[in-house]
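Please read the structure below before turning to the comments.
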Protein chains: 4
Amino acid sequence: MTKKFDLIALGRACIDLNAVEYNRPMEETMTFKKYVGGSPANIAIGSAKLGAKVGFVGKVSDDQHGRFIQRFMKDAGIDTSQIYIDKAEHKSGLAFTEIKSPEECSILMYRDQVADLYLQPEEISEDYIKKTDLLLVSGTALAQSPSREAVLKAISYAKKNQVKVAFELDYRPYTWQSPEDVSVYYSIVAENADIVIGTRDEYDEMEGKKGGTNQETINYLFQHQPELLVIKHGVKGSFAYTNDGKSYQAGAYKTTVLKTFGAGDSYAAAFLYALKAGKDIETALKYGSASAAIVVSKHSSSEAMPTVEEIEALIEGQS
Amino acid sequence: MTKKFDLIALGRACIDLNAVEYNRPMEETMTFKKYVGGSPANIAIGSAKLGAKVGFVGKVSDDQHGRFIQRFMKDAGIDTSQIYIDKAEHKSGLAFTEIKSPEECSILMYRDQVADLYLQPEEISEDYIKKTDLLLVSGTALAQSPSREAVLKAISYAKKNQVKVAFELDYRPYTWQSPEDVSVYYSIVAENADIVIGTRDEYDEMEGKKGGTNQETINYLFQHQPELLVIKHGVKGSFAYTNDGKSYQAGAYKTTVLKTFGAGDSYAAAFLYALKAGKDIETALKYGSASAAIVVSKHSSSEAMPTVEEIEALIEGQS
Amino acid sequence: MTKKFDLIALGRACIDLNAVEYNRPMEETMTFKKYVGGSPANIAIGSAKLGAKVGFVGKVSDDQHGRFIQRFMKDAGIDTSQIYIDKAEHKSGLAFTEIKSPEECSILMYRDQVADLYLQPEEISEDYIKKTDLLLVSGTALAQSPSREAVLKAISYAKKNQVKVAFELDYRPYTWQSPEDVSVYYSIVAENADIVIGTRDEYDEMEGKKGGTNQETINYLFQHQPELLVIKHGVKGSFAYTNDGKSYQAGAYKTTVLKTFGAGDSYAAAFLYALKAGKDIETALKYGSASAAIVVSKHSSSEAMPTVEEIEALIEGQS
Amino acid sequence: MTKKFDLIALGRACIDLNAVEYNRPMEETMTFKKYVGGSPANIAIGSAKLGAKVGFVGKVSDDQHGRFIQRFMKDAGIDTSQIYIDKAEHKSGLAFTEIKSPEECSILMYRDQVADLYLQPEEISEDYIKKTDLLLVSGTALAQSPSREAVLKAISYAKKNQVKVAFELDYRPYTWQSPEDVSVYYSIVAENADIVIGTRDEYDEMEGKKGGTNQETINYLFQHQPELLVIKHGVKGSFAYTNDGKSYQAGAYKTTVLKTFGAGDSYAAAFLYALKAGKDIETALKYGSASAAIVVSKHSSSEAMPTVEEIEALIEGQS
């Protein structure tokens, strides 16, 4: 039976304010361009651009920024019926980007009491979660209550209804109370997910250690639910492991880097899309890497999400 | 290999202020007698009284009440090395009991920002958890952060070290943010515990429903980790179920009820003690019921915990 | 025109739990007796006992403790029509007293989020404030919002309606955020009051200094509204100053001290009563000292408040 | 003796993000230009531009936005030695402007837990306050603790050192807990200020009423400290009253309105500058109106502050 959605993403959808004048410190940036941002929103947008049927569960502010986000996602072809409007005056999160150089980027975040962290467990619809093949949850949504409990509730509904769960670690230090909390909740979610995607550093946060190895992660998580792990090592490329003992690797594609933001989100969107499209894991890794290479060469994260054709052209061009 | 502890209990240890003049509303009660209270503390004290080797993990106030709790538990033979002293001026919880009649009891709780809810995940010692056969956690400790994360961390250590986990649901409505939160965290912990003990109403809170049946609970939890469930139906007696499909039942013992407080804690202490002592489940249920019958006939919860001889005398007397 | 009330007191009314077994640390005290407590409640009760017509503005918990407080104050002859019932589950404050020896007393306070600190400015009735000759406000009510704003509002109404304001400094370190806050709000209220009563230490808190002198206090406050200052120096007796340049002094009466609690409240009640009764300041100081001497020899603060006859008998006996 | 400063302004300094594409709803605005904003910062900048010696007391974020604010104000000639850097990760406030039409402007504010509201009373230097002729405080700084207490402390130092206090009501509904709080604190500060400036609506907020008259305001405030009140009635012009019973009025200047933001701040800067320069009140009102007319015709508030020459040219051109 075909489900209504290939992917439902859950978590933050917010506003990126990208420096128009770059290659300088943000103090000297005078103009900012507005985009939709936030890891799960970017993944949803990226997936929709690749042709997937996508839904989104989240909460946005009851103001111009919130309405912009909703409209942009709807225009991208995403089902926005489960994007709640915050009625308690919480604002949408903001990310001002500073692009000093391709190597030196930083983000100035406004995340205090933002609307997406106020998604409540009672706002999660079992009927909606049922309609997808894959539920993607983002680690940042675990940072605070009640969003944390909304994620846990959504996963519980997914498991009850045989919906696969992908966990994009998406670790951001702000808004977390302590490293112990990160470790506690990342562990619970990773142990219950089917697919886990993150950087080596993010897995280390989850495991509460420094300098952990992929083998340790495999030993730990394959005792539980996961069947597929993707561990990204930056320029060294990315690795995938399956619970039948196999492993895969992919390098990075050459590109002219403008900024590093959005790489992870475009990677996840393309990787999951390729899997769903029946590609083998090796190919899916290439899709992820190519998609990331395209996004880092452009000014935005969400608007720059590539099409299948662009990804395949890049793969072909550099193979 | 024999472990250092039969049982480590984790959670709140606080102060009961029991009405000296009873059979009247609390407005007319002028004198209160002080006892140690709190479900996991009572279970620890009850277990120690039965001869078990017991440790306790918790946090008490840095004041006369906190010192009284520590001293009382130490005098009861409990290892108090993991009872932390709160350094942020949080007070010990209080429970003023009102005993209008044996049937009409109520409790006036002081639970706002109490010390036990400030136990932190970084204060949980894996080395300590390792030393017990059984870790008992109390549902109330899940009501707020950081105590919530401390419980989740302790369970994670227990599972990593093959320590069995008993979950006493111990549901108290105050301090919880919403019924959804109760359901989310009770489910996570119950799915990961080996033994779950609670009233029918408490299981319903966990399952987020009203009027649930034991069969539904069995269907749900035996898909996960639990191997033994105890479901108490008040005067109708209690039921035990094992994941091999067997079920057991025990009635209540006759007694002169002074108040209803402390019944559940004395039940859990005696039931778990009996299991550990190698009794069969049927006998363990009798131990639980007999222990409860003894405590409800006395003024305190903690001080009234019975010895093995008292329990066996009651069972024999009414068999 | 005679007003309905001689005195309206505003601020906390809470529960004292006094050690029944004293001359020992509280850890060894097993029984506590319940009384109404809190500085402005004690002053109201003391004033009523002396025959004054008294009203009270405050907020108590919606539970057995709150109802006990209301009933006790009503039975003492106080108008309780402006005692609000907290509808947000805040508890009544508690004070467990420890009486190690007459010289060594301490109090274990439960003041976190207590009902009296949730009295709101919109709950202050101008019509009610109008009906009194004197409004007495307590410094502790300034410790947190919204009680702080309720006090400021009540003073504003008093001034608008030519009602005199007495400010009992009643400084308690807990619940205040910082010494700067104490100084800021104590100064605002003292500058706007007609009568200020406190210990030398409390005036120092207000002035944000250590080792201040009465002369400095006089120089400061007589530039503003106050016409009468009472500064208490413990065993050295108390001093009164008027803004016409006069000063008065009174010694302490001999008594058998059981505990030190309640001395200040009984002092204020009797001093203000004597003034209102037309006594000269010298006599009013004696009333205050005698009333304090009587209360410190008894077990409670509120119940022990003396009658005019008891006060006059003591003054006469020791003159 | 000449003082170091003509004016010290105290309160928020934050970031305005003004729509680059205007005459449309903000949802359709894609680019924003960054300016320094916040009423007291604008007044300080405007005053400096007019040639006044200006200091500023405030707190900014420890990030790129905070550094931009500091640098901009320093470059404007303002003494920034009392601008504190927030060390607790509070962000600088943001104001996104929406310019639908000259008549329809709105602001989307980010004011949750912003750095300026964390200025603490202990950060107010009596030595610094002493050095100015006039202290200007902004009503918004009273909205929350500890900034509220910092303002009260600064006023207390000003009065102790015979420094005049100007209170710019600057009422913004967000961040205030209740209308009662606004009324309580606005009243305390207005009663203690020498000059009060605000719109008729803002005075109504202070007086806790709707539809108040200037006469009522005069009757109330001239019983206290104020000697000069400015009450603005929008397009009907503005009124000034002095406590010797005189009154003054000024109309508005014709201009091409781009947006309405910044009008009040430029008014206050020019009005206070003119007074200090020894102009009569009538002329000072003209300065205020002319300055406002200039700023509303330009894109920013802070950068657009006029010079004396520009103001005088406008006055002359339309007289």
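For the range D:1-158, what is the charge dipole size about the Cα centre, in debye to the nearest 20, if Lys and Arg each add +1 at the Cβ and Asp and Glu each add -1 at the Cβ?
Values: 20 positive and 22 negative charges, 104 e Å.
It comes to approximately 500 debye.
Once R0 is set to 45 Å, what does the formula 1/(1 + (r/R0)^6) return for the Cβ-Cβ distance between residue B:30 and residue C:249, expressed as a FRET efficiency to the nearest 0.05? If you can, show how the numbers build up before the last one.
On the way: r = 40 Å, r/R0 = 0.89.
Calculated value: 0.65.
If the label for residue D:179 sits 7 angstrom from Cα along the Cα-to-Cβ line, what are its distances to the same label in every other copy, in nm to one decimal, shortest first?
With the label placed 7 Å along Cα→Cβ, residue D:179 yields 3.6, 4.1, 5.1 nm.
Given the options B:145, B:39, B:302, state which has the largest fluctuation in a GNM of chain B using a 10 Å cut-off (strictly under) for Cα springs.
Of B:145, B:39, B:302, the Gaussian network model singles out B:145 as fluctuating most.
Defining a contact as two alpha carbons under 8 Å apart and six or more residues distant in sequence, what relative contact order in percent does chain D show? Mind dumping the intermediate values first?
Details: 723 pairs, mean separation 51.5, N = 319.
The normalised contact order for chain D reaches 16 percent.
What residue among B:106, B:248, B:175 has its Cα farthest toward the positive end of the dipole of the range B:7-317, where the charges are +1 on Lys, Arg and -1 on Asp, Glu, each on the Cβ?
So the residue we want is B:248.
Rounded to whole Hz and in sequence order, give me ³J(HN,Hα) for the range B:129-136 from the Karplus expression 6.51 cos²θ - 1.76 cosθ + 1.60, θ = phi - 60°, writing x for Gly and Pro.
Along the range B:129-136, the couplings run 4, 3, 7, 10, 6, 9, 9, 9 Hz.
Would the range D:7-317 count as rounded, prolate or oblate if I go by the C-alpha gyration tensor, calling it rounded below 1.5 in a/c and otherwise prolate when a/b exceeds b/c, oblate otherwise? Please list the in-between numbers first.
Numbers: a/c = 1.32, a/b = 1.06, b/c = 1.24.
Rounded is the answer for the range D:7-317, as its axis ratio a/c remains below 1.5.
Restricting to bridges with both residues inside the range A:7-317, how much of the DSSP beta-bridge set is antiparallel, in percent to the nearest 5? Could you put the intermediate results ahead of the total?
Details: 21 of 51 bridges.
That works out to approximately 40 percent antiparallel.
Under 10 Å, Cα contacts only: if you run a Gaussian network model on chain A, which one of A:103, A:205, A:168 comes out with the highest mean-square fluctuation?
Among A:103, A:205, A:168, the largest GNM mean-square fluctuation belongs to A:103.
So if I place +1 on the C-beta of Lys and Arg and -1 on the C-beta of Asp and Glu, and nothing else carries charge, what would the dipole magnitude of the range D:29-68 be about its Cα centre? I want it in debye, nearest 20.
Values: 6 positive and 2 negative charges, 31 e Å.
Using Cβ point charges on Lys, Arg, Asp and Glu, the range D:29-68 gives about 140 debye.
³J(HN,Hα) across the range D:279-286 via Karplus (A = 6.51, B = -1.76, C = 1.60, θ = phi - 60°), whole Hz, x for Gly/Pro?
Whole-Hz 3J(HN,Hα) from phi for the range D:279-286: 5, 6, 4, 4, 5, 4, 4, 5.
Counting helices only, and only those DSSP H runs with n ≥ 4, report the 222 nm mean residue ellipticity of the protein assembly as shown as the sum of -39,500 (n - 2.57) divided by its residues, in deg cm²/dmol to the nearest 500.
Numbers: 40 runs with 443 residues, N = 1276.
Result for the protein assembly as shown: -10500 deg cm²/dmol, rounded to the nearest 500.
List the residues, sorted by chain then number, that are 5 or more residues from residue C:84 or on another chain and whose placed amide H is less than 5 Å from its amide H.
Those qualifying (amide H under 5 Å, at least 5 residues apart or on another chain) are C:58, C:59, C:60.
Charges on Cβ only, +1 for Lys and Arg, -1 for Asp and Glu, centred on the Cα centroid of the range B:7-317; of B:147, B:125, B:234, which one is farthest towards the dipole's positive end?
Ranked along the dipole, the leading option is B:125.
Can you list the HN-Hα couplings for the range B:7-17, worked out from phi with the Karplus curve (6.51, -1.76, 1.60; θ = phi - 60°), rounded to whole Hz and with x for Gly and Pro?
8, 10, 9, 10, x, 7, 10, 9, 10, 9, 10
So what is Rg over Rh here for the range D:103-166, counting just Cα atoms and using Kirkwood for Rh? Don't skip to the answer; put the middle values down first.
Details: Rg = 14.0 Å, Rh = 12.8 Å.
So for the range D:103-166, dividing Rg by the Kirkwood Rh gives 1.09.
Around residue B:258, which amide H atoms from residues at least 5 apart in sequence, or from another chain, sit under 5 Å from its own amide H, with H modelled in the peptide plane?
It is B:297, B:298, by chain and number.
Of D:30, D:206, D:109, which has the largest mean-square fluctuation in a 10 Å C-alpha GNM of chain D?
D:30
Mind putting a number on the dipole of the range B:253-319 about its Cα centre? Charges go on the C-beta only, +1 for Lys and Arg and -1 for Asp and Glu, and I need it in Debye to the nearest 20.
The dipole magnitude comes to about 200 debye.
To one decimal in nm, how far is residue C:113 from the same spot in the other copies, if labels go 7 Å from Cα toward Cβ? Please give the shortest first.
0.9, 1.6, 1.7
Which is the longest run of chain D containing none of the trypsin sites (Lys or Arg not before Pro) found in DSSP loop states (not H, G, I, E, B) with at most 12 other C-beta atoms within 10 Å?
On the way: sites that count: D:87, D:209, D:210, D:246, D:254.
Longest stretch, sites excluded: D:88-208.
Take the cross-link list A:236/A:279; A:209/A:236; A:87/B:210; C:91/C:130; A:153/B:298; D:87/D:209 and give me the ones stretching past 32 Å between alpha-carbons.
On the way: A:236/A:279 23 Å; A:209/A:236 21 Å; A:87/B:210 29 Å; C:91/C:130 30 Å; A:153/B:298 42 Å; D:87/D:209 39 Å.
With Cα atoms farther than 32 Å apart: A:153/B:298; D:87/D:209.
Could you list the square roots of 5 times each eigenvalue of the Cα gyration tensor of the range A:45-150, that is, the equivalent ellipsoid semi-axes, sorted largest first and rounded to whole Å? Present the calculation step by step, with values, prior to reporting the outcome.
Working: eigenvalues 110, 71, 42 Å².
Output for the range A:45-150: semi-axes of 23, 19, 14 Å.
Considering only DSSP beta bridges whose two residues both sit in the range D:1-147, what percent are antiparallel, to the nearest 5?
Working: 12 of 30 bridges.
So the antiparallel bridges amount to about 40 percent of the total.
Counting DSSP beta bridges in the range A:86-229, what percent are antiparallel, to the nearest 5? Walk me through the numbers before you get to the answer.
On the way: 6 of 16 bridges.
Antiparallel: roughly 40 percent of the beta bridges in the range A:86-229.
For residue A:236, place a label point 7 Å out from Cα along the Cα→Cβ vector, do the same in each other copy, and report the separations in nm, one decimal, smallest first.
When each copy's label point is compared with this one, the spacings are 6.0, 7.3, 7.4 nm.
Find out how many positive minus negative residues lie around residue B:234, taking Lys and Arg as positive, Asp and Glu as negative, among other residues whose Cβ is under 13 Å from that of residue B:234. Could the numbers behind the result be given before it?
Numbers: positive: B:200, B:232, B:236; negative: B:103, B:201, B:202.
Once all neighbours under 13 Å are counted, the net charge is 0.
Would you please give the residues with an amide H less than 5 Å from that of residue C:14, counting only those at least 5 places away or on a separate chain, with H modeled from the backbone geometry?
C:37, C:38
How would the protein assembly as shown be classified by its alpha-carbon gyration tensor: rounded, prolate or oblate, with rounded meaning a/c under 1.5 and the a/b versus b/c comparison settling the rest?
Numbers: a/c = 2.46, a/b = 1.05, b/c = 2.34.
Oblate.
When only Cα pairs under 8 Å and 6 or more residues apart are kept, what is the percent relative contact order across the range A:110-190?
Details: 106 pairs, mean separation 28.0, N = 81.
The value is 35 percent.
Specify which residue in the list A:315, A:40, A:199 is farthest towards the positive end of the charge dipole of the range A:7-317, using unit charges on the beta carbon of Lys, Arg (+1) and Asp, Glu (-1), about the Cα centre.
A:315
Nearest to the axis that maps chain A onto chain B: list the chain A residue whose Cβ wins, with the distance in whole angstrom.
Nearest Cβ to the rotation axis, residue and whole-Å distance: A:188, 3.
Since every read-out is calculated from the coordinates, none of them should be taken as a lab result. This one's a predicted model, so the numbers in the text were calculated from it and none came from an experiment. No Cβ is skipped: glycine too gets one built from the backbone with ideal geometry, and neighbour counts run over all protein chains shown.
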